[in-house]
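Working notes for the structure below.
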């Protein structure tokens, strides 16, 4: 029986290999095929005794990753070979030297880059996961293809996570939403980005994911008919113009529907632009723009456009290389529909990102948006002294940011992230200009350095040789390039002042008969409640530490007996506080929430960012200074915490909700109907076990808005009350409010 299974498995492996060659985006030469075949043989042999948790042969995983690399990302033979070999160095006795000997230095370099990402040294002082991300981002310095293969690896892992434990699924899905999906977005891989986001949602919010999936299935027939109606109308006019095109209906991704529901606080039915059409046309390069606007004209002849929602990424492509026209029009039955207009070339770049961009570049001397971004990234990575979490947060902020297009005084166009300031613009021109910026003019008018730029602004930077950055500048910028440069200059200044301060401190202590050595430096750092010796020297250098304070230190030092007791007293509170984190609770009021597999009753605080109450799905997060903080699973900060600090997450759940009451705030909007206020207070009061803490009601031009703070015992009672309020005539929307 086993023999038959293995034979069947071998046939399946051979079939997957042939499929890999067939679906390759690039044309493979005989040499390419030979390279891929050798990599395939080495991988099959290396992984022959390994199986995945699902029970299938491990080799199916590297082949699947190679297929994504070949067809969806569109890379060539070198990357396909590296994808097939991406786990052999980590999981088998084969070394990087073996890879270099069997293949070539480029394949070996890619495999080494992928192995580096996986092998993370444990460091207790920083988040291991953030350090992992930092290492991964650093590999962009070597070859962007390392990250592209890593994205394919992550996509296949996400597609095959069903057999994993729930905790591991949540951790991997959170990481995916936190860093991998934004990376795919930044590299122009919109297809892969959507798949990663949808799968991320599947494991972080399974109930919501399943609900949206089932609603999409329910409405599929109606959606298809709706899209067909619009397509038929457009086809008739497009055919008259003899255009060569195809129209595809494109449902909004599950994740983007969820994001819209959350951002606008609406239900599935209230998300209006769930429909999208894509018109992909054939055109010679010199006629692409003309034909795009011709199609725009035809679409808007039939359907009225929303002027505020026209996106022209043909005249000004995104820095990822993405080009298209996006038109949002009012379709039949009063529904908004997004129509995307792309040439075949633009469509390929949107699907394949990096690889297609270079296929069409044809050796042009002009730097692509991606090249510019990678150069900026390399600059940001140099001398980066921030801790791993800050580094990743800064980097991530620049991944997903929308773009604006602004002009230099000479009329050259520059792309910046949305939210960028006039000081960010100065640093984007050149770091030296940024550092010397004295002021900025936008559209001829003098503006503050933190002025937020808008598309179309023209910026003139005023510089001075005597200008230097100050610590306030960090609040004036949003781009990681500007932040890194400012921090570097501030650090250099601090070190310079610190060196002068050290010499000054040595002289001052000499007068007090104290020699400056390592022991004295440590005592002074503790005495002034500072963090590092540089902080100490810097404060002496700028005159923040006065002579009298140093005399006080000398007087304390002379009485070693008192000093001994002071240290004893100083140490004991921190020890107690540390122990309190894990101390079981005696007070029975806190036994509603239990932690971990053993259902331990531990001390905790409810996090104010999402205000969990009994009945909500929650988890515990071990903080450094405040013990365990409890967050809702859909808390806005959950993804970041589970991704960056997975080792600090504790499973938690409510086991009893009858002994304590909790505050919840309800937001209500509707039409100002006579007697509405009376009816509202009556409905709330009639709900058993609900007390009104405060109520605030206002009306404006026929619109009613109210906010009610209530005390409830659990989530079920709250939901019942909300449903009863929704039934009142004139009420439009009722939702629970969370502090952010």
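Quick rundown of the values:
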read-out: Among residues of the range 271-304, those that are out of contact with any helix residue (DSSP H, G or I) (no Cβ under 6 Å at 6 or more places or on another chain) and over 18 Å from residue 235 (Cα atoms), counted; value: 10
read-out: Qualifying residue in the range 225-237 (condition: more than 24 Å from residue 281 (Cβ to Cβ), outside the structural domain of residue 54 (by TED's automatic domain parsing) and more than 24 Å from the chain's Cα centre (by Cα)); value: yes
read-out: Check on residue 202, in a helix (DSSP H, G or I), loosely packed, with under 15 Cβ neighbours inside 10 Å, assigned by TED's automatic domain parsing to the domain that holds residue 83 and over 16 Å from the mean Cα position of the chain (by Cα); value: no
read-out: In the range 617-641, the residues that are crowded, with 21+ Cβ neighbours inside 10 Å and part of a loop (DSSP other than H, G, I, E, B); value: 635
read-out: Total residues in the range 236-247, condition assigned to a helix (DSSP H, G or I) and surrounded by 15 or more Cβ atoms within 10 Å (Cβ to Cβ); value: 2
read-out: All positions within the range 507-521 that are in a helix (DSSP H, G or I) and within 16 Å of residue 552 (Cα to Cα); value: 508, 509, 510, 511, 520, 521
read-out: Residues of the range 183-192 that turn out to be crowded, with 21+ Cβ neighbours inside 10 Å and farther than 16 Å from residue 144 by Cβ, as a count; value: 0
read-out: Residue ID - surrounded by the most Cβ atoms within 10 Å (Cβ to Cβ), chosen from residues in the range 207-222 that are in contact with a helix residue (DSSP H, G or I) (Cβ under 9 Å, 6 or more places away or on another chain) and closer than 27 Å to residue 154 by Cβ; value: 212
read-out: From 486, 462, residue being within 30 Å of residue 420 (Cα to Cα), at pLDDT 85 or above and part of a helix (DSSP H, G or I); value: 486
read-out: Filter result for residue 492 (at pLDDT below 85, under 30 Å from residue 545 (Cα atoms) and either buried (at least 19 other Cβ atoms within 10 Å of the Cβ) or over 28 Å from the mean Cα position of the chain (by Cα) (or both)); value: yes
read-out: Top-ranked residue of the range 718-740 - restricted to ones that are surrounded by 14 or more Cβ atoms within 10 Å (Cβ to Cβ) and at pLDDT below 80, ranked as farthest from residue 266 (Cα to Cα); value: 730
read-out: Residues (at pLDDT 85 or above and either more than 15 Å from residue 295 (Cα to Cα) or assigned to a loop (DSSP other than H, G, I, E, B) (or both)) located in the range 248-261; value: 253, 254, 255, 256, 257, 258, 259, 260, 261
read-out: Filter result for the condition that a residue is within 27 Å of residue 545 (Cα to Cα) and either surrounded by 17 or more Cβ atoms within 10 Å (Cβ to Cβ) or in contact with a strand residue (DSSP E or B) (Cβ under 8 Å, 6 or more places away or on another chain) (or both), over 501, 456, 419, 439; value: 501
read-out: Number of the condition not met by residue 266 [criteria: (1) surrounded by fewer than 17 Cβ atoms within 10 Å (Cβ to Cβ); (2) more than 22 Å from residue 194 (Cα to Cα); (3) touching a helix residue (DSSP H, G or I) at 6+ places or on another chain (Cβ under 8 Å)]; value: (2)
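For (1) in contact with a strand residue (DSSP E or B) (Cβ under 6 Å, 6 or more places away or on another chain); (2) in contact (Cβ under 8 Å) with a residue 24 or more places away in the chain; (3) more than 30 Å from residue 413 (Cα to Cα); (4) part of a helix (DSSP H, G or I), each residue gets a yes or a no:
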{"site": "278", "(1), (2), (3), (4)": "yes, yes, no, no"}
{"site": "288", "(1), (2), (3), (4)": "yes, yes, no, yes"}
{"site": "298", "(1), (2), (3), (4)": "no, yes, no, yes"}
{"site": "319", "(1), (2), (3), (4)": "yes, yes, no, no"}
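Rundown of residues vs (1) out of contact with any helix residue (DSSP H, G or I) (no Cβ under 9 Å at 6 or more places or on another chain); (2) in contact (Cβ under 8 Å) with a residue 40 or more places away in the chain, yes/no style:
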{"residue": "6", "(1), (2)": "yes, no"}
{"residue": "11", "(1), (2)": "yes, no"}
{"residue": "23", "(1), (2)": "no, yes"}
{"residue": "49", "(1), (2)": "yes, no"}
{"residue": "61", "(1), (2)": "no, yes"}
{"residue": "65", "(1), (2)": "no, yes"}
{"residue": "68", "(1), (2)": "no, yes"}
{"residue": "96", "(1), (2)": "no, no"}
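The values are calculated or read from the model by the stated rules, or taken from the named source; none is laboratory data. What you are looking at is a predicted structure, and each value in this text was computed from that prediction instead of being measured. Please note: Cβ atoms are built from the backbone with ideal geometry, for glycine as well, and neighbour counts cover all protein chains shown.
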